[in-house]
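Trainee: What follows is a single structure, and I will ask about it in a moment.
A short reminder: the numbers here are calculations on the coordinates, not readings from a lab. Every value quoted in this text rests on a predicted model; they were computed, and no experiment measured them. As a convention, Cβ positions derive from the backbone with ideal geometry for all residues, glycine included, and neighbour counts pool all protein chains shown.
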Amino acid sequence: MKIINYLKAYLFFLIPFLMLLLIITIFYYFDIISNSLMKYFKIIIILLTSFISGYQIGKNSFNKGYLKGIIIGSIISVIFLLITLFTNSFKWYQIIYYLIIIITSTIGSMLGINKIKN
């Protein structure tokens, strides 16, 4: 049961992430947004979708929302880390980026668990 909740939360990350990234890429392709603006949009999209996935897993939890947010943020960060290791050269400042993803999903899960359930 726990694994299904994490998979759902990951899907709440992956589907909006891919859709928003596709939309932003199309805007970039047709020169609607600039390269410098594209960098900021990519960061905002990743943080927004990690917050949403953390919120989703927190909403489905009954206790320890922060821990579930850390777990889902760590899963997302490890996946991005593996992709980075296979495609680019790893830079140490990217660890701060991955920690921000973990913190964002943790905040989302803490807000999700505190949502009043009807």
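Trainee: Taking 30 Å as R0, compute the FRET efficiency from the Cβ-Cβ separation of Leu67 and Gln94 and round it to 0.05. Mind showing how you got there, number by number?
Mentor: On the way: r = 24 Å, r/R0 = 0.80.
In this case the efficiency is close to 0.80.
Trainee: Still on this structure, I have one more. Report, by chain and number, residues whose modeled amide H sits under 5 Å from the one on Ile33, excluding near sequence neighbours (fewer than 5 apart, same chain).
Mentor: Long-range HN contacts for Ile33: Tyr28.
Trainee: Whole-Hz ³J(HN,Hα) for each residue in the range 49-59, computed from phi via Karplus 6.51 cos²θ - 1.76 cosθ + 1.60 with θ = phi - 60°, x for glycine and proline: what do you get?
Mentor: 6, 6, 5, 5, 5, x, 5, 5, 6, x, 5
Trainee: Under the √(5λ) rule applied to the eigenvalues of the Cα gyration tensor, what semi-axes describe the equivalent ellipsoid of the chain? Give them in Å, descending. Mind dumping the intermediate values first?
Mentor: Values: eigenvalues 143, 57, 29 Å².
Three semi-axes, in Å: 27, 17, 12.
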